[in-house]
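Taking it in order: structure first as structure tokens, then the write-up.
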Amino acid sequence: MRQNRVGCPAAGLSRSGRTHAGIADRAGFSFIELLVVVALLLVLTTMYWGSTSSSRRHQQQEACRKNLEKIYVALQIYANDHSGAFPAIAGARTSEEALSGLVPRYTVDTSVFICPGGKDSSLPAGESFRDRRISYAYFMGRYATNAQALLMSDRQVDARAKAAGEQAFSSTGKPPGNNHGKAGGNFLFVDGHLEATPAQLPFSLGVTQGVVLLNPRP
């Protein structure tokens, strides 16, 4: 009988020890599960915001292309009125100086001269933007007969001619040439077609005699 009395507490302690150990094991497992859930949430959140950012950038690039298409209509009308010549101002040093002549006679929609992916301020409708700032570069000196030549583009890193493989747009997302961050930019050709390129050019960007590449004011 004594042995049973003595044995009972010992047995009770053993069961208690196992109970506490089981609780500790379950608590440890739950903590690991929590870490896994947190990690999964972080991954999903990153994927979501990355996808949203990519979608927003794509929408901005599409809106930019539509801007250039609308500007092209105004440029065509101008060329029809000027024997096939696109706007040219002697001594112009910025694209604003050359293109401001389109407003208001050939278009009153100045919003199309601001890239939705950039940070340029909006322009007053129907007013000249000669002394303001737009988002696009312009190849001044072109004629409607230069069908395959470049006519406009997103703001470039500089206004010099460039060989294939050289950088036309920002590769870091920082100015200059960062209308679309580091995702490259759009080119508008004289025949009206558009091409999107990465920061490094897939083709040469030559400037022939009588043609000047004008960037927007800094």
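Read the figures in this text as sums done on the coordinates, not as results from a lab. Just so we're clear, the structure is a prediction, and the values are computed from it rather than from any experiment.
Once you have the Cα-Cα distance between Leu40 and Lys174, take 0.36 nm times their residue separation minus that, and quote the gain in nm to one decimal. All intermediate terms of the calculation are to be shown ahead of the outcome.
Numbers: separation 134, 0.36 × 134 = 48.24 nm, distance 3.19 nm.
The span from Leu40 to Lys174 would gain 45.1 nm if fully extended.
Any chance you could run the full-extension gain for Ala159 through Leu194? It's 0.36 nm times the residue separation minus the Cα-Cα distance, nm to one decimal.
Details: separation 35, 0.36 × 35 = 12.60 nm, distance 1.96 nm.
So the extension gain works out to 10.6 nm.
With N as its number of residues, segment 97-171 has a Cα radius of gyration that, divided by 2.2 N^0.38 Å, comes to 1.21.
Largest first, the extents of the alpha carbon coordinates of segment 59-214 on the three principal axes equal 39, 33, 27 Å.
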